[in-house]
Structures are given as C-alpha cells and as structure tokens.
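Here is the structure we will look at, set down as structure tokens.
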C-alpha cells in the first residue's frame, strides 16, 4: 500500500545540508535568472522531506497547498482516465519541481505524484511562495514562463499521441528519458529509468503488449539493449527516424 506525505514521509534534517539544497536550486527552473539574494530567501522557506520508493506524495482529487523540488530520486506524475486507465504525464528527477499548480489554484489536485525510487525533496507551502513572490515580484514572471514551457511540452505530447503509431511513441519516450536520465558509455547511452514496462506503456499512451512488442523489435534491430530498470540506446539516430520506420514487421 502506498503511504502518503503525512503518513510515512520523514524529514531530511541535517543529512544533505545547505550545499546540496543550493546545488539543487541552481538547476531548478524556479530560480533561473533569479538574483542570488532571492534564491537564498527561497532556501530559507524550504523544508526537507524524504519519501520511500513507490510512495504516494499526493493523489489526484485531494486538496493541496505544497510544491516540491526534488533533490535526488525520481517521481512520476500521472492522471487516471475514465474507466480506470492510468496515463503518465512525465518522469521527474533532481532539480525538477512539481505540485506548484495547487499553490496558485486552491482546487483539488489535477494529477497524482508517486515516487519511483527513494526521493529526497524540499517543499514550500502556498503562504511561503506568496511571501517570496511579494518580496521579489520578478519571480512571478519566472514562474509564468516555467508554466508556459510545461504547457507547451504537454501540448507536444498530446499531438504526438494523436499522430504517431505506438512504436513511434515508445521511441520518443525512450529519447525523452535519455535526455533526462541518460549517461554516456562510449558510443552508447545508458538510461536508468527504474520503470516497469507498464509504466513505459503509460508514458507512451499505449497498451503494455504493444509496448512490449515495440521494445523487443527495437532490441532485435540492434537499436537498444534491454536491461532490468534500464535501457542502453545503441543507435539514438534510428529511434529518432520518422515513425514509418518503427513499425514492427508483420
């Protein structure tokens, strides 16, 4: 059973100190182009927390007033559609922020956030963010730009799902994961995603069996190598080819 923030999360006091938080903030979109004094003020408003692997941070439909910035680990953001089918919107890692919409809109959460691995994070509530923005009005514009970029990515994903076949969508998600979590190994790229095939299917907006066939077709072609919780991309240029080349042989 998934435990939630108020139940099983523990604070991270003193384990990863100010230097770690500063490093995380330096890469977070919320402080891009923000004066160091404003970043320091933000740091003072943040509270550390630790979540275990596969733990619910918050659930779609429940009230919320906190945003989170990841220090380490991975979090999946998803929505449940009518009929119970789960769709994953994105996978987040260090320096990524989530839950910020509830800070601006007091309505119920529009998505669920669940850890994939153990996660260290920091959080700030609605009052803390508003006080920070009141002290530094330019931060409001920064947040609007960040939300606009996120909306653009969501629109791109919707277009991709409506106009691309399953192998093409799976290939695109592998490249997205590689951009976010990939590490070079000679001429190859190792992507430690920590996802199940079901979760990869949810990211691609596809069924598990169709996703399984696409992944193994890519492996048989020599484009990727499948490993537990990871994929090694041998030919990223092949994955990036037009969707017609991804279709498995009949």
### Subset of the range 113-127 [surrounded by fewer than 20 Cβ atoms within 10 Å (Cβ to Cβ) and either more than 18 Å from the chain's Cα centre (by Cα) or not in a strand (DSSP E or B) (or both)]
117, 118, 125, 126, 127
### Message
Restricting to the range 76-106, and then to whatever is touching a helix residue (DSSP H, G or I) at 6+ places or on another chain (Cβ under 9 Å) and modelled with pLDDT under 90, can you tell me which residue is farthest from residue 47 (Cα to Cα)?
### Response
85
### Query
Taking strands (runs of 3 or more DSSP E) that do not extend beyond the range 39-107, which have at least 2 residues that are within 28 Å of residue 211 (Cα to Cα)?
56-58, 75-80, 86-92
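Looking at 155, 164, 110 in this structure, which one is in contact with a helix residue (DSSP H, G or I) (Cβ under 8 Å, 6 or more places away or on another chain), free of Cβ contacts under 8 Å to residues at least 60 places away in the same chain and surrounded by fewer than 19 Cβ atoms within 10 Å (Cβ to Cβ)?
110
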### Message
Anything in the range 201-232 that is surrounded by 23 or more Cβ atoms within 10 Å (Cβ to Cβ), in contact with a strand residue (DSSP E or B) (Cβ under 6 Å, 6 or more places away or on another chain) and over 21 Å from residue 76 (Cα atoms)? List them, or say none.
### Response
218, 224
### Message
Please go through the range 176-196 and give me each residue that is surrounded by 13 or more Cβ atoms within 10 Å (Cβ to Cβ) and farther than 15 Å from residue 225 by Cβ, ordered by number.
### Response
176, 180, 181, 194, 195
### Task
May I ask you to verify whether residue 173 is assigned to a helix (DSSP H, G or I), out of contact with any helix residue (DSSP H, G or I) (no Cβ under 7 Å at 6 or more places or on another chain) and crowded, with 21+ Cβ neighbours inside 10 Å?
no
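The values are calculated or read from the model by the stated rules, or taken from the named source; none is laboratory data. Since the model is a prediction, treat every value here as computed from it, not as a measurement. For neighbour counting, all protein chains shown are included, and Cβ atoms are generated from backbone atoms with ideal geometry for every residue, glycine included.
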